[in-house]
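None of the figures in this text is laboratory data; all of them are computed from the coordinates on show. Remember, predicted model here, so these are calculated numbers, not experimental data. Cβ sites come from the backbone with ideal geometry, for glycine too, and all protein chains shown count toward neighbours.
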Amino acid sequence: MKESLAKPASKLMRLPGEFRRTFFGAIFQREVNALGRRRMPYWVRSGYTLLLIGIVSLVFLMVWESGPSSGYGQQTVLEVIAPAMLMTVGVFQMVALALIAPVLTAGAIADEKRQRTLSTLLTTPLKSRNIILGKLSARTIQLVVLALVPMPLLLALRIFGGVEAEAIFATMALGLAVGILGASLALMFSIWHRRTPSVVFFALCSTAVLVFLPWLGMMLTEWSVMPNDDNIFFKCIAPIALIAVLVPEDIGGPSVSDVRAYWVATLTYLTLISSGIVLFAIFVLRGVLKREASGAQSATVIARLVAPGVETEKVRDDTTQREARAIGDRPVLWRELRQNAMGSGKRTIFALGLGVAILLFLYAVAGLDHSGLTTTLLFIAALGLTAQVALSTPASITAERDAGSWSVLLTTPVRPWQIVLGKTLGAIRKLWLIPAVIGFHLALVMAAGWFHPVGVLHATLLIGALVFMLASTGVCLGLMCKRGVVASVLNMGIPLVLFMGLPILAAMYESFSSYNSYYYDNESSLLADIVMVSNPFIMLTEASTTATGEWDRFSYFLRYEWLEGDQTMTVWTFTGLTLLCTGGLAAIGGFALAVATLGFNRWNGRPS
């Protein structure tokens, strides 16, 4: 009897040691030491901290200048500063951690495969769970450090009042949970991909889908796209939960404790999803390690379906006869244009079918004549294409370096401009999937009379110029940077700075100038016009909203609104502004191609 009780007791005694070896064992120590010797984590922390300080300083100045400078009014302003700071930090932290987490975790397994060190782990007694959880724990430490950066500021601001301790904790927990979800997804995709930019892209897209997946559950239960505050699925959406914590009175309660169900339900949902992804990654890595041990190279059917882009090697018979094909005098362009974007025909059919199925579901729930459906789809398509081209274009060059074919290409008499142009056009050609799905939707709404054809022209010009600019800058950065993930992150930073950072700075400057400038009205109108014309996302939203026909759908005299004020413009004026915006984007892309061509030989050590 005593022996039967001693065995479970001994197992319980061994649990703390097993937990420590699993999460903080040899893999964790190795990864922490390796990350400590790299420069990227320190650059990320420094950039994150400096950007946070800059944004918080601007918000502080904006709030401080908006109130009286003395007396009771100054104390009122101090009470407003703390909630404003919390809202700024909360939104910034959730977005920043969602973007940073995949970058930190993308190379966890991909680097092991590319450096051919994954097989070395087979000689150790480590199990797949030790590898996955150890690598994830090391990356999670980096995310926790970033999440704790603004904590001293937020806790110090509590002396001014207006902020609850629960709100600070919930804000940090929500941002960290979204970051851990992105890190788990990047770790899973890292098992299938060798290229870290591809891992970052799929992890970012999957994070966005999973964060808003409860909205799909709400639409299925309510059969409506309109939000329902009482629906449990609606409470599990991370941005909605963050809004409930930051502005509880807008959700239905005077304090954070009254809307506690929002952030608790969201944390539970994100934790369960992240845990399921980690368990699935452990299962998949176990199969990869078994194939490495047996020498098998073929991937399983589920891996090919779940992870598009997985790299498999097919052994070809040397006696296989191939039909001769004429390449022409531009071999790089010929090769890039002939590559299959999805890897195989089955994946292409599956991706197209999935896109059409999503559209049909939206038609059934919202209706084809929904006023905001086309605008939302075009905006999401522009965001998806921006992320895809910004992250994938630099990878086309770094992949050649990793495969060893780049040095062979440099020995050929192909000119630099041919290589640069071929890589750029090849990257643009691979982006056909999203435009094909959106084109199908636009054809339907135009045939039904719910979208003006001029809106298609404006959307094509704006999205096409945006894609060309990012493809050109991606090729240029891919040539300049040795590591693909660095080039992809820098390329992704270009649209973030130009189209999100500058409008935020303009809005803050406008708010600050309203109390210090005599000519505020003229300056504000001019600044708003510049922001509108220089931002393709704002122009795309205005073009699609007007073409959808909320005001005068069947009139050829469409009226477009300026970003500020009650004045409108004709379709000819808006088309001219669209051409000006696309011309600016195309000029930036052309400049990047020129720089890439001129610096090609110097950056690659190729004699001119």
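Just want to confirm a number: the relative contact order over the range 144-223, from Cα pairs under 8 angstrom separated by 6+ residues, in percent.
In percent, rounded to a whole number, it is 23.
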Subject >> Cα shape, the range 140-180, gyration tensor, a/c 1.5 rule >> reply: oblate
**OP:** Calculate, for V149 and L579, the FRET efficiency according to 1/(1 + (r/R0)^6) with r their C-beta to C-beta distance and R0 41 Å; round to the nearest 0.05.
**Re:** 0.40
**OP:** Loop only per DSSP, at most 12 neighbouring Cβ atoms within 10 Å: give me the GluC sites (Glu not before Pro) in the range 110-204, ordered by residue number.
**Re:** none
Original post:
Karplus couplings for the range 558-564 from phi (6.51 cos²θ - 1.76 cosθ + 1.60, θ = phi - 60°), rounded to Hz, Gly and Pro as x?
Top reply: 5, 10, 9, 9, 6, 5, 9
Original post:
Gain in length, L35 to K127, computed as 0.36 nm per residue apart minus the alpha-carbon separation, to one decimal in nm?
Top reply: 30.9 nm
**OP:** Grab the beta carbon distance between L216 and Q115, set R0 = 35 Å, and tell me the FRET efficiency rounded to 0.05.
**Re:** 0.35
Original post:
Along the principal axes of its C-alpha atoms, what lengths does the range 399-502 span, in descending order and rounded to whole Å?
Top reply: 56, 33, 21
Subject >> Greater than 28 Å apart at Cα, pairs in K113/K423; K290/K482; K290/K423; K127/K235; K346/K430 >> reply: K290/K482; K290/K423; K127/K235
Original post:
Using a simple charge model, +1 on the beta-carbon of Lys and Arg, -1 on the beta-carbon of Asp and Glu, nothing else, what dipole does the range 129-244 show about its Cα centre, in debye to the nearest 20?
Top reply: 740
Original post:
Tell me, what HN-Hα J-couplings in whole Hz come from the Karplus equation 6.51 cos²θ - 1.76 cosθ + 1.60 at θ = phi - 60° for each residue of the range 208-216, using x for Gly and Pro?
Top reply: 4, 5, 5, 5, 9, 4, x, 5, 5
**OP:** Work out from phi, with θ = phi - 60° and the Karplus expression 6.51 cos²θ - 1.76 cosθ + 1.60, the ³J(HN,Hα) of each residue of the range 166-178, listed in order in whole Hz, and give x for Gly and Pro.
**Re:** 5, 5, 5, 5, 5, 4, 5, 5, 5, x, 5, 5, 5
**OP:** State whether the range 138-233 is rounded, prolate or oblate according to the following rule on the C-alpha gyration tensor (a ≥ b ≥ c being the square roots of its eigenvalues): a/c under 1.5 gives rounded; otherwise a/b larger than b/c gives prolate, and the remaining case gives oblate.
**Re:** oblate
